[in-house]
Amino acid sequence: MSKKLKIIIAVIAGLFAVIIALGYLQARESQLIGMAQPVSIVMVIQDLPQGHVITSEDLILGNVPSRYAQPGNFNDVRDVIDRIVVVALLEGEQVTASKVAFAGVEPLASKLPAGMRGVTVAVNAVSGVAGLPMPGDYVDVVGIFELGSRREDVITQARFLLQNVLVAAVDRNTGSVVQAADETPAGAGASAQQAATTVTVALDPEDAQRIVLAQELGRLFLLLRSSRETEGVLAFELLDAQKLLDSDLPVWTPAMEEAEFRRQLLQQIQ
């Protein structure tokens, strides 16, 4: 390769490097300009407590660099007026969708007692007391479990897992007390027409863990407590099929049938 050709190739390579560098710098410059470009964001001009109904006097449309715009922000004051503050806002703070709600819709998280967790239990017309429990009621939780590994050893047991548990929601009805004058809580009418499929209860983390596991191990039933109940937690002994029927003979259950099927299947495999 001649010396002249090498020089030409070096010059071309240098030009390509310069073009690539310029392209990167221009793209980066555009990105930085875009991040610094001011955008209009709805902000509050004073501290607003939880539960406050927002009015036009509480708001201002301010300009902030786009890089500092919070996710879920609003660009029009009219989109925020008459909403409910669900997370207290401080003066100058941006209003975001996660901190306000429409009248009539109070987020469940804002209603749960401090330190509690919302845990959903799958129910049907029987296990969910025909959908009659309402948010604010209290229930007991009873589990039905099949214990044992062999047909002759399987025992069906019922045991109280939890008592005096607060119902936080039935399906999507949270029983919101924050509502417009001509509105009813979402789902209230549906509950009266058909049985609920889920009930969300408020539990501390340890009990929440127990219920999640219990749903995987057996079937759960809710017992609706009287609103005039004075006793808190009562002591109950475990109940199994033999005790219920006052018999020492084994009681045939679907779980025993399944266990027998598995035993026969294993014998065929072996």
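Distant-in-sequence amide contacts of THR200, defined by a placed amide H-H separation under 5 Å and a gap of 5 or more residues or a different chain, comprise VAL121, ALA168, ALA169, VAL170, ASP171. Ranked by the mean number of other Cβ atoms within 10 Å of their residues, highest first, the peptides 202-208, 19-25 come out as 202-208, 19-25. Amide H to amide H, with H built 1.01 Å from N, LEU59 comes under 5 Å of ILE45, counting only residues 5 or more places away or on other chains. Here the Debye sum runs over all C-alpha atoms of the stretch 38-101 as equal scatterers in vacuum, and log10 of I(q)/I(0) at q = 0.15, 0.26 Å⁻¹ comes out as -0.36, -1.13. The loop-placed GluC sites (Glu not before Pro) in the stretch 50-132, going by DSSP, that have at most 14 neighbouring Cβ atoms within 10 Å of their Cβ come out as GLU91.
Only the coordinates and a few stated rules stand behind these numbers; no lab work does. Since we're looking at a predicted model, the values are computed, not measured. With ideal geometry, Cβ positions are generated from the backbone for all residues, glycine too; neighbour counts draw on all protein chains shown.
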